[in-house]
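See below for the structure under consideration.
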Amino acid sequence: MGWYKTTAKYKGGKSMTQWIHTDFHFDENDIIDEVNQYLDKAAINEAMKK
């Protein structure tokens, strides 16, 4: 599990900063078999508005 602070800059000069939560799931052989990311889509949509 990890938390990542991410900043993205969009055309038109807008930017968006948010924390993204990432979960890793390991199988019985300790190999990553699933990755899930949780982010705020509303913040991305707002930054992409013209």
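The values are calculated or read from the model by the stated rules, or taken from the named source; none is laboratory data. Quick caveat, the model's predicted, so the values are computed rather than measured. Note that we place each Cβ from the backbone using ideal geometry, even for glycine, and neighbour counts take in every protein chain shown. To get the accessible areas, we keep the full protein, side chains included, count just its heavy atoms, and leave off ligands, DNA and RNA. Shrake-Rupley method; radii C 1.70, N 1.55, O 1.52, S 1.80 Å.
Tabulate in residue order the Karplus-calculated ³J(HN,Hα) for region 12-29, using 6.51 cos²θ - 1.76 cosθ + 1.60 with θ = phi - 60°, rounded to whole Hz; enter x for Gly and Pro.
So the J values, rounded to whole Hz, are x, x, 6, 9, 9, 10, 7, 8, 10, 9, 10, 10, 10, 10, 10, 7, 5, 9.
Using only alpha carbons, build the gyration tensor for the chain and give me the equivalent ellipsoid semi-axes, biggest first, whole Å. Provide the component values of the computation, followed by the final result.
Working: eigenvalues 186, 17, 13 Å².
After scaling each eigenvalue by five and taking roots: 30, 9, 8 Å.
Can you show me the helix-derived [θ] at 222 nm for the chain, built from DSSP H runs with n ≥ 4 at -39,500 (n - 2.57) apiece and divided by the number of residues, rounded to the nearest 500.
Values: 1 runs with 8 residues, N = 50.
So the calculated ellipticity at 222 nm is -4500 deg cm²/dmol.
Once label points are set 7 Å from the Cα along Cα→Cβ at both VAL35 and ASP23, what is their separation, rounded to one decimal in nm?
About 1.6 nm, to one decimal.
Below 13 Å Cα-Cα, how many Lys pairs turn up in the chain? Only count pairs eight or more apart in sequence, or on different chains, if you could. Working shown, then result.
Working: LYS9/LYS49; LYS11/LYS49; LYS11/LYS50; LYS14/LYS49; LYS14/LYS50; LYS41/LYS49.
Total qualifying Lys-Lys pairs in the chain comes to 6.
Which percent of the accessible heavy-atom area of the chain goes to carbon and sulfur, probe 1.4 angstrom?
Details: 2340 of 4340 Å².
Heavy-atom surface of the chain belonging to carbon and sulfur, 1.4 Å probe: 54 percent.
Keeping every protein chain present and rolling a 1.4 Å probe, give me the accessible area per residue for the chain in Å². Can you show the working numbers first?
Working: 4340 Å² over 50 residues.
Per residue, the chain has 87 Å² of solvent-accessible surface.
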